[in-house]
Amino acid sequence: MVRGKVEMKRIQNATSRQVTFSKRRNGVMKKAYELSVLCDAEIAVIIFSQKGRLYEFSSSSMQKTIDRYREYAKETLMNNNAFEVEQRMKQLKEEAANMTKKIEILEISKRKLMGQGIGSCSMNELQEIDNQLERSLKNIRMRKSQLFKDEIQRLRDRV
């Protein structure tokens, strides 16, 4: 007789559910025991029934196995955190290096706009600086003109 494949969903009938729980719990405990004996593995199984009853199996001391698990989990978490911190530090160092380069470029550009250190500039660089200064001067004059117009209008409104 061939067993049918069991659909993995909650069993609705409470009696059937309890019978299935008991049979499968015993099967899990038996497999855990067999694995511990055959492979000399340290096994701990903890099962709580729906009503809160505790069923457990341990190939050695349950507390020793739990303590060992907690230590392993703590080390794993610490290793993961250390790796994440290291990755973040690396990312921040790269970002700081990029910002430092940008600051240097901006400082050089500022000095050139102020007329310092232009002796080593090529003709194209000097032309670009000239264009930048012309654009800046145009914006300054437009702003100045707008302020004068606003002031004149304010004085007219007063009179």
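Any read-out appearing in this document is the output of simple, stated calculations on the displayed coordinates, not a laboratory observation. Remember, predicted model here, so these are calculated numbers, not experimental data. Using ideal geometry, Cβ is built from the backbone for each residue, glycine included, and neighbour counts are taken over all protein chains shown.
What are the residues in segment 31-78 that are assigned to a helix (DSSP H, G or I), of a type in the set (A, V, I, L, M) and in contact with a strand residue (DSSP E or B) (Cβ under 8 Å, 6 or more places away or on another chain), if any?
Across segment 31-78, the qualifying residues are ALA32, MET62, ILE66.
Pairs only if they're at least six apart or on different chains, beta carbon under 7 angstrom, first in segment 13-39 and of a type outside the set (Asp, Glu), second part of a helix (DSSP H, G or I); list them, first residue then second.
none
State all residues of segment 31-79 that are among the hydroxyl-bearing types (Ser, Thr, Tyr) and surrounded by 12 or more Cβ atoms within 10 Å (Cβ to Cβ); if no residue qualifies, say none.
Of everything in segment 31-79, those that are among the hydroxyl-bearing types (Ser, Thr, Tyr) and surrounded by 12 or more Cβ atoms within 10 Å (Cβ to Cβ) turn out to be TYR33, SER36, SER49, TYR55, SER58, SER59, SER60, SER61, THR65, TYR69.
Give me a count of the residues in segment 12-27 that are surrounded by 14 or more Cβ atoms within 10 Å (Cβ to Cβ) and aliphatic (A, V, I, L, M).
Here the count works out to 0.
Please determine whether any residue of segment 79-100 is part of a helix (DSSP H, G or I), among the aromatic types (Phe, Trp, Tyr) and in contact (Cβ under 8 Å) with a residue 24 or more places away in the chain.
no
Under the condition of being β-branched (Val, Ile, Thr) and not in a helix (DSSP H, G or I), which residue from segment 112-159 is surrounded by the fewest Cβ atoms within 10 Å (Cβ to Cβ)?
Looking at the filtered set, the residue picked out is VAL159.
Considering only residues that are among the aliphatic types (A, V, I, L, M) and farther than 26 Å from GLU7 by Cα, which ones fall in segment 17-53?
Scanning segment 17-53 gives LEU35, VAL37, LEU38, ALA41, ILE43, ALA44.
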